[in-house]
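The values are calculated or read from the model by the stated rules, or taken from the named source; none is laboratory data. Here the structure is a predicted model, which is why all the values come from computation and not from measurement. Counting neighbours? That spans all protein chains shown, and the Cβs are built from the backbone with ideal geometry, glycine included. Remember, those area values only see protein heavy atoms, side chains included, never the ligands or the DNA or RNA. Shrake-Rupley method; radii C 1.70, N 1.55, O 1.52, S 1.80 Å.
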Amino acid sequence: MRAGFVLIVILGISSCNQTPNLLEGSWSVSSDFYKANYRITKQGRMHHALILMYDDGTTRFKHDPLNPNYLFKSLRSRNDGIYVDAISGATKSKNTQANFRISQINIDTLFVDQYIKGKPISEVWVRMKN
C-alpha cells in the first residue's frame, strides 16, 4: 500500500517537471493584411504550421487533408525559448522565402516576426479555444 502511494507521488512529480510544448495547438492571426488560422505540431525536433485557413482578400486557402499547405516546416527552439529558422512552406518561390522568429508572450499568445523579401512583419497570434 505504501509503495503504491510512493509510486503515485513520484509519477505525479515527474509529470509536473516535464516542460509542455507551448507552441503546439491552433492559432489565429488577424493582421492588417490577412486573416489566418494555423495548427502547430511538433515532429521530432522541428515544429510545423499547417494552414487551416488563410484569406488576404485575393488568395484563400482552406485546409484540404489530401493537399495540405504549410506556413513553415522546420522551426527549431533556441536555448532562450525563442523559435527560429523556419523554411517557408507557403510559397515555392526562392525570392519570397520567409524567415520566422516566434517568442511566447504567454501560454495563449505568440509574438511572430517574419521577414518577407527582407522586410519585417510582426504579428500577434492568439491560441484558439477548442
Nonlocal amide H pairs with residue 128, under 5 Å, H built at 1.01 Å = 26, 27, 28
message = With θ taken as phi - 60° and the coefficients 6.51, -1.76 and 1.60, list the Karplus ³J(HN,Hα) couplings across segment 112-123 in order, rounded to whole Hz; mark glycine and proline as x.
response = 10, 10, 10, 10, 10, 6, x, 9, x, 10, 10, 9
ask   = Applying the Karplus parametrisation 6.51 cos²θ - 1.76 cosθ + 1.60 with θ = phi - 60° to the phi angles of segment 46-54, what ³J(HN,Hα) value in whole Hz is obtained for each residue in order, glycine and proline being reported as x?
value = 9, 9, 10, 10, 7, 7, 8, 7, 8
ask   = Using a Förster distance of 22 Å, how high is the FRET efficiency between residue 55 and residue 82, based on the Cβ-Cβ distance and rounded to 0.05?
value = 0.20
ask   = What figure in square angstrom, to the nearest 10, would you give for the accessible area of residue 54 with a 1.4 Å probe?
value = 50
Hz values of 3J(HN,Hα) by residue in segment 61-71 - Karplus curve (6.51, -1.76, 1.60), Gly and Pro given as x = 10, 10, 4, 10, x, 7, 9, x, 10, 10, 6
